[in-house]
């Protein structure tokens with residue numbers, strides 16, 4: 001695994017005062033390690049960007065302006081919800097014989113999958129994977145070869161193996177798959193013939209008088 005040098009300065013400003021640091025192009029952060037005192041530090045945005053926007057995991061050679069040097073990894077970055085710019089970061093110190101848990105980027109390799117060439121759609125489900133290992137065994141990235149991945153096929157966590165590294169994700173979780181294209185069916189509009197309008201039946205009121213009965217009534221008058 002490659003190392004990246006990160007120059008930092010100790011900072012006394014904390015809390016609301018950190019806003020002034022960001023305005024000057026610096027990002028506040030903290031370094032911590034088991035058995036050591038936390039260091040409040042600040043780094044330039046450019047220096048931090050090489051770690052944040054990378055598809056690889058790096059061991060950081062942290063060089064503080066008081067002359068100290070620390071081996072560490074980038075543990076966490078907080079972003080502004082509006083601007084999406086980094087506002088704070090955490091660095092975790094490394095111990096040679098102490099395992100750590102870290103997220104490693106998942107990178108698809110090999111080219112266009114067979115299933116995609118047959119008309120399918122590639123779904124990259126898991127972009128990072130939690131693993132546990134010693135610092136010397138930290139992989140830069142987890143490579144998944146998808147060139148032979150066919151339609152309706154997936155690569156799961158349990159299909160992967162990394163030397164000296166324990167994957168902490170669910171073995172049944174999907175990492176990448178190829179699915180059939182979505183077919184949108186057009187709705188068929190069925191025209192219903194207009195029903196024949198029938199005149200409602202009008203029922204006469206009262207009882208119909210027979211012809212004989214009518215004559216009898218006239219005689220009685």
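Applying the selection to segment 160-172, what residues are surrounded by 14 or more Cβ atoms within 10 Å (Cβ to Cβ) and either touching a residue at least 40 places away in the same chain (Cβ under 8 Å) or outside any strand (DSSP E or B) (or both)?
So in segment 160-172, the residues surrounded by 14 or more Cβ atoms within 10 Å (Cβ to Cβ) come out as 160, 162, 165, 167, 169.
The answer is 160, 162, 165, 169.
Filter segment 65-100 for residues that are surrounded by fewer than 14 Cβ atoms within 10 Å (Cβ to Cβ) and closer than 16 Å to residue 9 by Cβ and give the result.
If the condition is that a residue be surrounded by fewer than 14 Cβ atoms within 10 Å (Cβ to Cβ) and closer than 16 Å to residue 9 by Cβ, then 65, 66, 67, 68, 69 are the ones that fit.
Would it be correct to say that residue 62 is in the same structural domain as residue 139 (by TED's automatic domain parsing) and buried (at least 16 other Cβ atoms within 10 Å of the Cβ)? Reasoning before the result, please.
On the way: in the same structural domain as residue 139 (by TED's automatic domain parsing): no; buried (at least 16 other Cβ atoms within 10 Å of the Cβ): yes.
No, not satisfied.
So which residues in segment 132-145 are part of a strand (DSSP E or B) and surrounded by 16 or more Cβ atoms within 10 Å (Cβ to Cβ), if there are any at all?
Within segment 132-145, the first condition is being part of a strand (DSSP E or B), and the residues that meet it are 132-133, 142-145.
Once the filter is applied, which keeps residues that are part of a strand (DSSP E or B) and surrounded by 16 or more Cβ atoms within 10 Å (Cβ to Cβ), segment 132-145 yields 133, 142, 144.
Mind listing whichever residues of segment 116-127 are surrounded by 14 or more Cβ atoms within 10 Å (Cβ to Cβ) and within 15 Å of residue 106 (Cα to Cα)?
Those that are surrounded by 14 or more Cβ atoms within 10 Å (Cβ to Cβ) and within 15 Å of residue 106 (Cα to Cα): 122, 124, 126.
Scanning for something assigned to a loop (DSSP other than H, G, I, E, B) and under 18 Å from the mean Cα position of the chain (by Cα), does segment 146-157 turn up at least one residue?
To start, the set of residues in segment 146-157 that are assigned to a loop (DSSP other than H, G, I, E, B) comprises 146-152.
From what is left, the residues that are under 18 Å from the mean Cα position of the chain (by Cα) are none.
No - not one qualifying residue is present in segment 146-157.
Does segment 4-54 hold any residues that are loosely packed, with under 15 Cβ neighbours inside 10 Å, in contact with a strand residue (DSSP E or B) (Cβ under 7 Å, 6 or more places away or on another chain) and touching a residue at least 60 places away in the same chain (Cβ under 8 Å), and which are they?
32
The values are calculated or read from the model by the stated rules, or taken from the named source; none is laboratory data. Bear in mind the structure is a predicted one, so any value in this text is a computation, not a measurement. FYI the Cβ positions are ideal-geometry reconstructions off the backbone, even for glycines, and counts take in every protein chain you see.
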